[in-house]
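Only one structure is covered here, and it is reproduced in the block below.
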Amino acid sequence: MAVSIAVTSGKGGVGKTNTAVNLAISLRKLGKRVVLFDADFGMANAHIMLGSNPKTTTGDYLKGTISIVDTLTDTPTGLKFIAGGSGLTELLNLDNQARYKMLSGISSLEDDIDYLIVDSPAGASDSALFFVNAVDLALIVLVAEPTSFLDAYALVKAAHLENGVTDFAVMVNMADNAKTAETNFNKFRDITMRFLDIKLHYVGMVPQSPVIRRSIVQRKPISISQPKSPLAKAYETLALKMMKTSHSHHDGVKFFNGAQK
Ligand SMILES: Nc1ncnc2c1ncn2[C@@H]1O[C@H](COP(=O)(O)OP(=O)(O)OP(=O)(O)O)[C@@H](O)[C@H]1O
Ligand SMILES: [Mg+2]
């Protein structure tokens, strides 16, 4: 049964795309059939981190020139990838109709997917919220800054109050160490649960590391180029944790049916 996961944050620049790429590769290494979908239309950059040069993008599918199957780019690990339409101004303000078209196209691939990883745009915009609502589980990327807490809270609140999303996975990125990461998660959970009746599940941390920045410059994801490194292990642990975390139990149109857990 296919499971959909959106990597999101509220705040920009906290490491969503890098997390989505390495999470997708880690799930693939665990033997899953994975599709990474770059939903950051207009600012798409997952293909850059992945070191992939896609021939087709969501833009082609939305224009009706190719089928959804033809949007899938193969990569050497077996991970499949749907590239966003970088620089296409018509996609910057992707309307609801186009979002639904992407959703129904991808849902037709359900039988060939174990995990769909959606790299979401920053903010709590309609587009970011649309994808949080359309997945079984949203993974919130938090960093230890008040702005990250505030923006993540705004996103979680909107998803819960507007669409009844019940459960979120939360990771801490760019952490100093495991202990402070968990302390930061606990702070965020305590504030959030004071006001909202939701469940936040801690799924791990990734340390602040210059190696990650370098891997992005070199267009070689750490989970591929240094598979035995502690950083790659951190993404593998994250993948294993995400596989076990309870899904949200909200209504609404989702990528896949029947993945409730
Ligand atoms: N654990 C980390 N340690 C050090 N640098 C990191 C880490 N994670 C991400 N970065 C750096 O943070 C920057 C932003 O990462 P990324 O593009 O993945 O964020 P994003 O949340 O997707 O941004 P946007 O909101 O613009 O889509 C990158 O330049 C990357 O090098
Ligand atoms: Mg991004």
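The set of residues from segment 183-236 being in a helix (DSSP H, G or I) and among the acidic types (Asp, Glu) comprises 190, 236.
For the residues 237, 147, the requirement of being open to solvent by 60 Å² or more (accessible area, probe 1.4 Å), closer than 26 Å to residue 76 by Cβ and β-branched (Val, Ile, Thr) singles out 237. Considering segment 10-34, the residues that are outside any helix (DSSP H, G or I) and closer than 16 Å to residue 72 by Cβ include one that is nearest to ligand 1 (Cβ to nearest atom), namely 34. Among the numbered conditions (1) among the β-branched types (Val, Ile, Thr); (2) within 16 Å of ligand 2 (Cβ to nearest atom); (3) open to solvent by less than 10 Å² (accessible area, probe 1.4 Å); (4) free of Cβ contacts under 8 Å to residues at least 60 places away in the same chain, the only one that residue 172 does not meet is (2). Scan segment 1-19 for residues that are farther than 15 Å from residue 131 by Cα, open to solvent by 10 Å² or more (accessible area, probe 1.4 Å) and within 13 Å of ligand 2 (Cβ to nearest atom) and jot them down. Once the filter is applied, which keeps residues that are farther than 15 Å from residue 131 by Cα, open to solvent by 10 Å² or more (accessible area, probe 1.4 Å) and within 13 Å of ligand 2 (Cβ to nearest atom), segment 1-19 yields 11, 12, 13, 15, 18. Candidates are the residues of segment 37-58 that are more than 13 Å from ligand 1 (Cβ to nearest atom) and on the phi < 0 side of the Ramachandran plot; the one that is modelled with the highest pLDDT is 37.
May I ask you to verify whether residue 22 is within 10 Å of ligand 2 (Cβ to nearest atom) and either modelled with pLDDT of 90 or more or basic (Lys, Arg) (or both)? So residue 22 fails the test.
In this structure, does residue 135 turn out to be at pLDDT 95 or above and within 15 Å of ligand 2 (Cβ to nearest atom)? Against the criterion (at pLDDT 95 or above and within 15 Å of ligand 2 (Cβ to nearest atom)), residue 135 does not qualify.
Pairs are defined by a Cβ separation below 9 Å, a sequence spacing of at least 6 or placement on different chains, a first member in segment 202-216 that is polar (S, T, N, Q), and a second member that is open to solvent by 20 Å² or more (accessible area, probe 1.4 Å) and assigned to a strand (DSSP E or B); the pairs so defined are 208/174; 209/174. Only one entry in 41, 37 is open to solvent by less than 30 Å² (accessible area, probe 1.4 Å), in a loop (DSSP other than H, G, I, E, B), within 13 Å of ligand 2 (Cβ to nearest atom) and in contact (Cβ under 8 Å) with a residue 12 or more places away in the chain, namely 41.
Go through 156, 118, 141 for me and flag whichever is part of a helix (DSSP H, G or I), modelled with pLDDT of 95 or more and either out of contact with any strand residue (DSSP E or B) (no Cβ under 9 Å at 6 or more places or on another chain) or β-branched (Val, Ile, Thr) (or both). 156 is the lone residue from the list that is part of a helix (DSSP H, G or I), modelled with pLDDT of 95 or more and either out of contact with any strand residue (DSSP E or B) (no Cβ under 9 Å at 6 or more places or on another chain) or β-branched (Val, Ile, Thr) (or both).
The values are calculated or read from the model by the stated rules, or taken from the named source; none is laboratory data. Because the structure is a prediction, the values reported are computed rather than measured. Note: ideal-geometry Cβ built from the backbone for every residue, glycine included; neighbour counts use all protein chains shown. Note: accessible area is taken over every heavy atom of the protein model, side chains too, but ligands, DNA and RNA are not part of it. Shrake-Rupley method; radii C 1.70, N 1.55, O 1.52, S 1.80 Å.
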